[in-house]
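The values are calculated or read from the model by the stated rules, or taken from the named source; none is laboratory data. For clarity, every value in this text was computed on a predicted model and none was experimentally measured. In this analysis, Cβ positions are derived from the backbone assuming ideal geometry, glycine residues included, and neighbour counts consider all displayed protein chains. Only protein heavy atoms, including side chains, enter the accessible area calculation; ligands, DNA and RNA are left aside. Shrake-Rupley method; radii C 1.70, N 1.55, O 1.52, S 1.80 Å.
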Amino acid sequence: QVQLVESGGGLVQPGGSLRLSCAASGSIFNIYAMGWYRQSPGKQREWVATSATGGVRRYTDSVKGRFTISRDNAQNTVYLQMNRLVLEDTAVYYCMIIDRGTTYWGQGTQVTVSS
């Protein structure tokens, strides 16, 4: 059993910043990738960023230059630093990990960008 616990969501004004955290625990063997997805009302869940083993980081185009993904392998934790937030970033953000070929998801944390 693997559990992912997210934190750090909230309400922020346009141009502001938030930092999301996601800690994985349980029967973890060797995490290959950690990442973030998001889902806005009425839309499908979309990929945001991924950090894979070896330090490879990838971002969806709309967040490049504004979001930074990082991870603490010793703590099985992944972070998403979100800067210069815009209204379109409003969504429920979900963290994910891939361990031994299985994808696990967090419960989601709400990020609302509003003036």
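Scan the stretch 90-115 and report the pairs whose first residue is in contact (Cβ under 8 Å) with a residue 12 or more places away in the chain and of a type in the set (D, E, K, R) and whose second residue is in a strand (DSSP E or B) and open to solvent by 20 Å² or more (accessible area, probe 1.4 Å), with Cβ atoms within less than 8 Å and a gap of 6+ or a chain change.
Once the first residue is in contact (Cβ under 8 Å) with a residue 12 or more places away in the chain and of a type in the set (D, E, K, R) and sits in the stretch 90-115, its partners that are in a strand (DSSP E or B) and open to solvent by 20 Å² or more (accessible area, probe 1.4 Å) give ASP99/VAL2; ASP99/TYR32.
Do you know which residues across the stretch 58-74 are exposed (fewer than 15 other Cβ atoms within 10 Å of the Cβ) and either under 12 Å from TYR93 (Cβ atoms) or not charged (D, E, K, R) (or both)? Spell out the reasoning first.
Looking only at the stretch 58-74, we keep the residues that are exposed (fewer than 15 other Cβ atoms within 10 Å of the Cβ), and these are 58, 61-62, 64-65, 70, 72-74.
If the condition is that a residue be exposed (fewer than 15 other Cβ atoms within 10 Å of the Cβ) and either under 12 Å from TYR93 (Cβ atoms) or not charged (D, E, K, R) (or both), then SER62, GLY65, SER70, ASN73, ALA74 are the ones that fit.
Return the residues of the stretch 75-113 that are within 24 Å of ASN30 (Cα to Cα), polar (S, T, N, Q) and open to solvent by less than 40 Å² (accessible area, probe 1.4 Å); say none if nothing qualifies.
THR77
How about the stretch 1-57: which of its residues are open to solvent by 50 Å² or more (accessible area, probe 1.4 Å), touching a residue at least 12 places away in the same chain (Cβ under 8 Å) and among the aliphatic types (A, V, I, L, M)?
Within the stretch 1-57, VAL5, LEU11 qualify.
Can you tell me how many residues within the stretch 87-108 are farther than 17 Å from GLY8 by Cα and hydrophobic (A, V, I, L, M, F, W, C)?
Qualifying residue count for the region: 3.
Identify, from the list GLY8, GLY35, GLY15, GLY65, the residue that is among the small types (Gly, Ala, Ser), in contact with a Phe, Trp or Tyr (Cβ under 9 Å, 6 or more places away or on another chain) and farther than 16 Å from GLN107 by Cα.
Answer to the check: GLY65.
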